[in-house]
Each structure stands twice: as C-alpha cells, then as structure tokens.
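Notes follow once the structure below has been shown.
The values are calculated or read from the model by the stated rules, or taken from the named source; none is laboratory data. Just so it is clear, the structure is predicted and the values come from calculations on it, not from any experiment. No Cβ is skipped: glycine too gets one built from the backbone with ideal geometry, and neighbour counts run over all protein chains shown.
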Amino acid sequence: MRVDSREALSTVYTPGVAQPCKEIAANPSKVFDYTIKCNSVAVVSDGSAVLGLGNIGAEASIPVMEGKALLFKELAGIDAFPICLKTQDAKEIVEIVKNIAPVFGGINLEDIAAPKCFEVEEALLDIGIPVMHDDQHGTAIVVLAALQNAAKVVGKDFSQLRVVISGAGSAGAAIAKMLLPDSSLGGRGGQRVSEVVLVDRKGIVFEGRPGLDQSKQKLAKLTNHSRKSGSLADALKGADAFVGVSAPGIVSSQMVSTMASDAIVLAMANPTPEIMPDEAKKGGARVIATGRSDYPNQVNNALAFPGVFRGALDAKATKINSEMKLAAAWAIAACVPNPSEEEIVPSVLDKRVVLAVARAVAAAAVKTGVVRKN
C-alpha cells in the first residue's frame, strides 16, 4: 500500500502495527497471515562454490544471489533476498540460517561447496519451513526431466539407459540419487535407469577406490555395478547418455563417438560446457543440451526452483521431500508433450512451467502430509 497520508501511516506503523504484533505473540502461526513470511525466500550462500567461478567469497557472490532473487520474483512472484554470509564454517551457517528463519517462508541454499553443503542442508531440513540446496536438487530435477524426454526422442526405454555423470560433487551426487532412488540416500518413486557411472577428477568412482570421502563411498555402493575403472573416456564407451556437471572442454567428439548409437549429451558446465554442441554432433550425438541460453535445450535449474518454492509456499509445506522433487521433474517433462532433438525441455522464460511445477509440488506436499495444520 502507498503511505501517503496520516491515516495510512497510522495503519502500517504506530499505532496500527501493534495489533498484528499482539496477534502473532498470542499465536505464532499467525506470522504467515500477517507478515511477508508467507511469500519470502532467503537465497543463502557463503560464496564457496559459485558456478564457473569457484570460491569467490561473500561479497563477490552477491550478484549471483541478486540474479536468483530476480528470477524468483519474475517467474514465481516470490520475494527473495540475497543473504551472503561472511563465514564458510558449516556449523556457523546452520546457526545463522536458523536464527534468521523467522522472517522467511523458505530457504534456498546456493553455491555452497560439497561436501559441506550436504551437512548444512541436512541440519536444516526440520526447521519447519522448506529448505532446498538448489545446486543439488534443482539441477537433478531438470536433468531427470530432460533425460525422460530425450529417451523418448531416441526411442530408448528410460529404465534401460546407461548414464555417465561427470562431476561427483553436489550436483552429480543429487542427479545420481534421482536416477537411482534408494531409501538410504533419500530417493523414492521408482525412477531408475539401468546404470549410473560417476566420474570425478581422479576417474571413475567405484566401491573400494582409495581416498573416497563418506559421500562418495555411499554413491559408490549405489552406482557402477559393472565395477568399471579408469578415465572419463573409459566410462563413456557404450554409454547411452552423458551428463556433465564438471569442467569445460573435457569431452572430445572422438569420446562421444564411442558411446552407444543415438547418444544423449547433456553438457552443463557453465559458461563453457564439457563439449560444445557442434563437437558433440560431430561425434554422433543425437540429442544435445547445455546449461546455456544461446543453444537449444537449456538444462538449467531455473526451470525448477521458482515452481518448487511457489508450490511449497502455496501448500504451506514444512519441507521439500523426494516426492515433491519427482513431481516437479514429471511436470517439467510434461510441459513438452512432443519432445524433439531441438526441444527436450521448455524455455526457462515459459511461465507455464512455474504454474505446472507449483501445482504438482503442492499436490505432492499435501499427499505426503508435509504441510502445516493451521
């Protein structure tokens, strides 16, 4: 409202503001009715893993978080605020977020390095409002949608896909969990491909490989059932799909040529992908996607996070669970009813996507009972 009169001033400030304060003091759940909490999200980062830029710190990460806040507003009508923290200690991040949570309806964790991001998110899942580390789950949601539609284009059964993921950090781990659901890792819903092989800087991840941290040890038990070892080039031989969330220029057209026929290549390193689309095409890939907006098939988490949080806020969800994430992926895929080589995912700017995802996520929240009762 405009504050352009004494009457308006007395409503939004003293004495009128005292009344909602009293109501909330008597019944704290009223904070969702009488304040910005019902439609606000904190975009929280420590600047330790900014996409394509690395550990650039709190101040330098502000533009990224501002951009994210703008997309929240433009695409989903959510008031989001960049919260860039001058600490990279996991326990401090958790305590800060818990202490600022009263004013926010949701927490979007962003650009926090692995494995610290896993610890931070896990510690915040039960604070009573939706929390999601977007680098993990937003990316995984969109990759799942893209692979579902790409499989249709090339005429392959999704459940028979052999997928290689380059990058075993936060995004790679979350993608693997989405493609190979397992209750011990938080995945449910039956979306399972035939095999996932993870590759990190040291090569293929396999059970028993020396030097694996706790997160990769868990993933090693779930992935690479054929016990492959070696390099990324070795992993790609015979694979149906490549998913890149790692580093620029690490895949050649010759490597793509060793993949299975009608290969799917999702090269999402930004701003320069693991392989440029023309090189992937030269190697025989049939469906190609990047994270960039200047090529067809932009596989970007901006397709997911606005609708996921819009749906969670609308449903009065207390958390974002696996069922809500899977519902988001199916909704995104369904926004392209007739997928083609040039269109396996909708445009980030297609506002129908936010509506579809929000409805699906809200319905999943209600169905699984993770909503406030008041």
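Do we have any residue at all in region 51-74 that's touching a strand residue (DSSP E or B) at 6+ places or on another chain (Cβ under 9 Å), touching a residue at least 60 places away in the same chain (Cβ under 8 Å) and over 28 Å from residue 357 (Cα atoms)? No, region 51-74 contains no residue that is touching a strand residue (DSSP E or B) at 6+ places or on another chain (Cβ under 9 Å), touching a residue at least 60 places away in the same chain (Cβ under 8 Å) and over 28 Å from residue 357 (Cα atoms). A Cβ distance below 9 Å, combined with a sequence gap of six or more or placement on separate chains, defines the contacts here; from region 239-257, residues that are in contact (Cβ under 8 Å) with a residue 60 or more places away in the chain and under 20 Å from residue 270 (Cβ atoms) reach residues that are in a strand (DSSP E or B) and among the basic types (Lys, Arg) in the pairs 241/162. Quick one: would you say residue 107 is assigned to a strand (DSSP E or B) and either out of contact with any Ser or Thr (no Cβ under 9 Å at 6 or more places or on another chain) or assigned by TED's automatic domain parsing to the domain that holds residue 307 (or both)? When the stated conditions are applied, residue 107 passes them.
Identify the residue in region 112-133 that is charged (D, E, K, R) and in contact (Cβ under 8 Å) with a residue 60 or more places away in the chain and, among all such residues, is surrounded by the most Cβ atoms within 10 Å (Cβ to Cβ). Across region 112-133, the extreme among qualifying residues is 116. For residue 137, indicate whether it is within 16 Å of residue 301 (Cβ to Cβ) and in contact with a Cys (Cβ under 7 Å, 6 or more places away or on another chain). When the stated conditions are applied, residue 137 does not pass them. Remark: pairs (first residue in region 18-33, in contact (Cβ under 8 Å) with a residue 12 or more places away in the chain; second residue aliphatic (A, V, I, L, M); Cβ separation under 6 Å; 6+ apart in sequence or on different chains) = 31/24.
One line per residue, one yes/no per condition, for (1) surrounded by 15 or more Cβ atoms within 10 Å (Cβ to Cβ); (2) under 18 Å from the mean Cα position of the chain (by Cα); (3) of a type in the set (A, V, I, L, M):
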site	(1), (2), (3)
12	no, no, yes
32	yes, no, no
41	yes, yes, yes
45	yes, yes, no
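Consider residue 58 carefully, then state whether it is more than 29 Å from residue 31 (Cα to Cα), in the same structural domain as residue 246 (by TED's automatic domain parsing), modelled with pLDDT of 95 or more and assigned to a helix (DSSP H, G or I). Spelling it out, it is not the case that residue 58 is more than 29 Å from residue 31 (Cα to Cα), in the same structural domain as residue 246 (by TED's automatic domain parsing), modelled with pLDDT of 95 or more and assigned to a helix (DSSP H, G or I).
Residue 293 meets the stated requirement of being surrounded by fewer than 22 Cβ atoms within 10 Å (Cβ to Cβ), out of contact with any helix residue (DSSP H, G or I) (no Cβ under 9 Å at 6 or more places or on another chain), over 20 Å from residue 370 (Cα atoms) and among the small types (Gly, Ala, Ser).
The rows are residues; the columns are (1) part of a helix (DSSP H, G or I); (2) at pLDDT 90 or above; (3) out of contact with any Lys or Arg (no Cβ under 9 Å at 6 or more places or on another chain); (4) surrounded by fewer than 24 Cβ atoms within 10 Å (Cβ to Cβ).
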| site | (1), (2), (3), (4) |
| --- | --- |
| 135 | yes, yes, yes, no |
| 142 | yes, yes, yes, no |
| 145 | yes, yes, yes, no |
| 159 | yes, yes, no, yes |
| 165 | no, yes, yes, no |
| 172 | yes, yes, yes, no |
| 175 | yes, yes, yes, no |
| 188 | no, no, yes, yes |
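Residue by residue, here is whether (1) buried (at least 24 other Cβ atoms within 10 Å of the Cβ); (2) out of contact with any Phe, Trp or Tyr (no Cβ under 7 Å at 6 or more places or on another chain); (3) of a type outside the set (Asp, Glu); (4) closer than 28 Å to residue 367 by Cα holds:
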position: 271; (1), (2), (3), (4): no, yes, yes, no
position: 276; (1), (2), (3), (4): no, yes, yes, no
position: 287; (1), (2), (3), (4): yes, yes, yes, no
position: 317; (1), (2), (3), (4): yes, yes, yes, yes
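When 230, 211 are checked against the criterion of being of a type outside the set (D, E, K, R), in contact with a Gly (Cβ under 8 Å, 6 or more places away or on another chain), over 21 Å from residue 151 (Cα atoms) and in a loop (DSSP other than H, G, I, E, B), a single residue qualifies: 230. None of 280, 304, 312 is touching a residue at least 40 places away in the same chain (Cβ under 8 Å), closer than 26 Å to residue 200 by Cβ and crowded, with 21+ Cβ neighbours inside 10 Å except 304. Within region 1-45, the set of residues being among the charged types (D, E, K, R) and either in a helix (DSSP H, G or I) or in contact with a helix residue (DSSP H, G or I) (Cβ under 6 Å, 6 or more places away or on another chain) (or both) comprises 6, 7, 22, 23, 30, 33, 37.
Residues in region 101-116: is at least one within 21 Å of residue 298 (Cα to Cα) and within 14 Å of the chain's Cα centre (by Cα)? Within region 101-116, one or more residues are within 21 Å of residue 298 (Cα to Cα) and within 14 Å of the chain's Cα centre (by Cα).
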